[in-house]
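The values are calculated or read from the model by the stated rules, or taken from the named source; none is laboratory data. Source: prediction; values computed, not measured. Don't worry about glycine lacking a Cβ; one is built from the backbone with ideal geometry, like all the others, and counts go over all protein chains shown. For accessibility, only protein heavy atoms count, side chains too; no ligands or nucleic acids. Shrake-Rupley method; radii C 1.70, N 1.55, O 1.52, S 1.80 Å.
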Amino acid sequence: MATLQSCRVCLRESALQLPRHHLTDNYRSRTAKWKCPRAAVIPNFHLPMRSFEVKNRTSVDDIKSLRLITAIKTPYLPDGRFDLEAYDALVNMQIENGAEGVIVGGTTGEGQLMSWDEHIMLIGHTINCYGGSIKVIGNTGSNSTREAIHATEQGFAVGMHAALHINPYYGKTSLEGLVSHLDSVMSMGPTIVYNVPSRTGQDIPPRVIHRLAQSSNFAGVKECVGNDRVDQYTDKGIVVWSGNDDECHDSRWNHGATGVISVTSNLVPGLMRELMFGGKNPSLNAKIMPLVEWLFQEPNPIGLNTALAQLGVVRPVFRLPYVPLPLAKRVEFVNLVEQIGRENFVGEKDVKVLDDDDFVLVSRY
């Protein structure tokens, strides 16, 4: 009982000590200008999860020197899981034909259809098997800064040589937000910024690239706007890779681009290497152009997936929402292979038209 009385006394004393607000105080609080509480503004206390072990590291200058980078296709088993045997064959054919780098899990590789577990596993597999023969650039970009940071930390932790980063798409941000987003991921290692407004709905203007270029980890930009934009960067000493196969010859030889990040090189890597290394070659460029136009008549990677299946180097398996090109277009591809020469394409099997029933469309995997 004594204990209870003691507690009551303490409570009364505490209540007596509470501050009493007068009417003037209430009036002042209602009329005062609102100020942002300091506790709501928290500085970024996260340190980048990175390693400075240099045994297998690649410098930014090593990335800047690459001329032919292939945005590699991801093939599938009939149930929709990765077909690593076919993938390994594709990467080996790139190495044998002179590609210097691969983008893993990019748009062409359907990173947008992968879980992050699949994504990082494929980057790690590529590094583990081929990191000594070709530069592995992981597409670890996202429209979520948190996801982009996490994936990039994991990508570099498993050994990728560089990261490819896109600007936030769909839920677009301001230019200042864009800079902050990309700054957040560039601290971890060599970075290529990817500008493709046709997919993101937002252009990365030169003034943003010029700011990002101040980072020691900025390797360059994959630019899809066109050669006028390429000029704006190469005139300032910024490394550019053309993101447009139909413009890459002129980008390389007339506008100072370092090279190309290519889709077409999945099919004809040797010809694309010659286009990037052999000097101006308008006749070779003209020879390849019908194939490039065929590849991009529908959104990438629909054409590429169809073509590789017809060449017999991957199973005719599509993860939805992608579906193969129609029969008439598949017939056109067979004719293109004959015109350009089967020997210039990957694989050794005869090119086939394939019937609609030959394709497998997977919605759950």
I'd like the residue in the range 299-329 that is of a type in the set (A, V, I, L, M, F, W, C) and within 16 Å of G111 (Cβ to Cβ) and, out of all such residues, is surrounded by the fewest Cβ atoms within 10 Å (Cβ to Cβ). L320
Restricting to the range 330-365, name every residue that is loosely packed, with under 12 Cβ neighbours inside 10 Å and of a type in the set (D, E). E338, E343, E348, D350, D355, D356, D357
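Results for (1) in a loop (DSSP other than H, G, I, E, B); (2) loosely packed, with under 15 Cβ neighbours inside 10 Å; (3) in contact (Cβ under 8 Å) with a residue 40 or more places away in the chain; (4) of a type in the set (A, V, I, L, M, F, W, C), shown as yes or no for each residue.
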| position | (1), (2), (3), (4) |
| --- | --- |
| L90 | no, no, yes, yes |
| S133 | yes, yes, no, no |
| V136 | no, no, no, yes |
| G141 | yes, no, yes, no |
| A148 | no, no, no, yes |
| Y170 | yes, yes, no, no |
| H181 | no, no, no, no |
Residues being touching a residue at least 12 places away in the same chain (Cβ under 8 Å) and either out of contact with any Lys or Arg (no Cβ under 9 Å at 6 or more places or on another chain) or closer than 15 Å to V313 by Cα (or both) - total across the range 323-337: 10
Kindly indicate the residue of the range 60-82 that is in a loop (DSSP other than H, G, I, E, B) and under 18 Å from E274 (Cα atoms) and also least open to solvent (accessible area, probe 1.4 Å) among those meeting that condition. L66
Quick test for you: out of G171, G105, pick the one residue that is touching a strand residue (DSSP E or B) at 6+ places or on another chain (Cβ under 8 Å) and either modelled with pLDDT of 95 or more or over 18 Å from T70 (Cβ atoms) (or both). G105
Over the range 301-311, the set of residues within 20 Å of the chain's Cα centre (by Cα) and either more than 12 Å from L267 (Cα to Cα) or in a loop (DSSP other than H, G, I, E, B) (or both) is P301, I302
Among (1) in contact (Cβ under 8 Å) with a residue 60 or more places away in the chain; (2) among the charged types (D, E, K, R); (3) farther than 26 Å from S198 by Cα, the one test that R319 misses: (3)
Quick test of your reading of the structure: R57 fulfils all but one of (1) at pLDDT 75 or above; (2) part of a helix (DSSP H, G or I); (3) open to solvent by 80 Å² or more (accessible area, probe 1.4 Å). Name the failing condition by number. (2)
For the range 237-246, which residues satisfy the criterion of being in contact with a helix residue (DSSP H, G or I) (Cβ under 7 Å, 6 or more places away or on another chain) and either at pLDDT below 95 or surrounded by fewer than 21 Cβ atoms within 10 Å (Cβ to Cβ) (or both)? D246
